[in-house]
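Accompanying notes for the structure given below.
The values are calculated or read from the model by the stated rules, or taken from the named source; none is laboratory data. It should be emphasised that the depicted structure is a prediction, and the values quoted were computed from it without experimental measurement. In this analysis, Cβ positions are derived from the backbone assuming ideal geometry, glycine residues included, and neighbour counts consider all displayed protein chains. The protein model used for the area step is the full one, side chains on, heavy atoms only, and it has no ligands, DNA or RNA in it. Shrake-Rupley method; radii C 1.70, N 1.55, O 1.52, S 1.80 Å.
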Amino acid sequence: MDMVMPKPMDADIREFLDKFDFSSCMVCGTCSNGCPITDTPGMEGWDTRKVLRMLAYGMVDEVVESNFPWLCTGCGRCSYSCPMGIDIPAVMGHMKSLRDRDKVPGTLQQGMVNNVETGNNLAIKKEDYLVGMAELGEELAEECPGFYVPVDKQDADILFFPNSKEVYGDFEDQFWWWKIFYTARENWTVPSEGWEAVDWALFTGNYEANKTLAKRKIDFMKEHNISRMIMPDCGGGSYGCRKGMDKCVMEDPNNEVGFTYLYDYLLQLIRDGRIKLDKSVNAGKRFTWHDSCKHGRELERHFGKGYFEEPRWIINQCVDDFVDMTPNRGLNYCCGAGGGMWPMPYEAESAWHARYKYDQIKRSGADVVVVGCSNCRDQIMRRIPKFYTDYKYEVKYIWQLVAESLVLEEWDADMIAKGQAEAKAQWEKLGIDITDVEY
């Protein structure tokens, strides 16, 4: 066997890796045993422990040039179980940052550039976005009289960020949050620009862009005197925003702004009686919950608070038959979509990663899998059934479940008239002729 000799390492890379004290690694293999990437087809023989040893020996180029960092979903199950607490997802993220930008797989780099330059991943034009908001608002107003989508509203209590895939194609997926806001009589708004919920800068290891996207949200809140923003549902979007905002606050404490997570927000609406729910609409079905990695263990590990019990409580206000997957909470398996794996050109590899998630779902016996992340939803609803076909189930967002369980209470005549007048004034100000709106 040839002896492996340590290689000289770039000073900046060494400075970064020194933060993680690789000498504390016990080479126990816990990281690899709990990682679904191990032995991914095409990457046989590669696992997390091997990659850490490669880096310890200075084999940075070999790791950066491999697909391994991109197949890592950043789920954090390795670090959650590591007896020495080494932040392995941060290491993999940095390896991504070292890849030449023109060699970033798939659409991630272009989407990130689009977001920085145009305000959203798909470079949807402002006029098209606003027309879409007006059209969909008019459509929902047939069921919810007086409803409209408030844009750039001053002194709002809640700032909400849509996902570009919903603005571009999955239009009516936005109705669920809107119905909740309507029923709760929420004072909310969306931005006219820079409205993207997803942060592909996090997925590509672009630290500066990550901070730029967070600062954009901070500046909008300050300019419009908004009380709180709901952290985006996308695991990378919420976690990326939190990371970027922390950097901004470290540079200037005046960048501190109010925020809430969707679980805290929904829980409070229910507890305060601002919305009422009817369990009977979900009778006859068994529900389970998928613990999103970034909303759970990674949020807990880096910021001291992960969301495990809150979503379960919310679901149990909507249904009578709930069952947990095994394992769950901090030890739950990633669905395989994280770290940008959903949009990247690694579908088969992502499906291999998802084999444990599929097994969890099947063993739960659930009819409906409830999720809190848009990437998780796409993976579990669209990719997993494509590769694993012998067990059928539905997938719902947790806010979709809440919206479908709502006891919808229409506004009174004065509120309806007020909403209609505000809508007319807003769209005229923004240059959108709602008399020409068609849907």
Identity of the residue in the range 8-58, aliphatic (A, V, I, L, M), under 31 Å from the mean Cα position of the chain (by Cα) and not in a helix (DSSP H, G or I), that ends up farthest from His353 (Cα to Cα) = Met43
Of the candidates Asn115, Asn120, the one satisfying the condition of being outside any loop (DSSP other than H, G, I, E, B), buried (at least 23 other Cβ atoms within 10 Å of the Cβ) and on the phi < 0 side of the Ramachandran plot is Asn115
Failed item, numbered, when Met229 is tested on (1) within 18 Å of Val190 (Cβ to Cβ); (2) assigned to a helix (DSSP H, G or I); (3) in contact (Cβ under 8 Å) with a residue 24 or more places away in the chain | (2)
Of the residues in the range 45-92, those that are free of Cβ contacts under 8 Å to residues at least 12 places away in the same chain and in contact with a Ser or Thr (Cβ under 8 Å, 6 or more places away or on another chain) come to Gly85
Subset of the range 62-91, residues hydrophobic (A, V, I, L, M, F, W, C), closer than 24 Å to Pro6 by Cβ and part of a loop (DSSP other than H, G, I, E, B), comes to Cys72, Cys82, Met84, Ile86
Reported set for the range 395-430 where residues are of a type outside the set (A, V, I, L, M, F, W, C) and touching a residue at least 40 places away in the same chain (Cβ under 8 Å) is Tyr397, Gln400, Glu404, Ser405, Glu409, Glu410, Lys418, Gly419, Gln420, Glu422, Gln426
Those residues of the range 92-112 which are hydrophobic (A, V, I, L, M, F, W, C) and in a loop (DSSP other than H, G, I, E, B), in sequence order = Leu98, Val104
Considering only the range 354-378, state which residues are open to solvent by 10 Å² or more (accessible area, probe 1.4 Å), part of a helix (DSSP H, G or I) and of a type in the set (D, E, K, R).
-> Arg355, Asp359, Lys362, Arg363, Arg377
Being closer than 17 Å to Gly372 by Cα and of a type in the set (A, V, I, L, M, F, W, C) is the filter; apply it to the range 271-291 and report the residue that is nearest to the chain's Cα centre (by Cα).
-> Trp289
Subset of the range 172-220 (residues that are among the hydroxyl-bearing types (Ser, Thr, Tyr) and either part of a loop (DSSP other than H, G, I, E, B) or crowded, with 20+ Cβ neighbours inside 10 Å (or both)) = Tyr182, Thr183, Thr189, Ser192, Thr204
From (1) surrounded by fewer than 20 Cβ atoms within 10 Å (Cβ to Cβ); (2) within 17 Å of Asp233 (Cα to Cα); (3) among the aromatic types (Phe, Trp, Tyr), pick out the condition that doesn't hold for Tyr263.
-> (1)
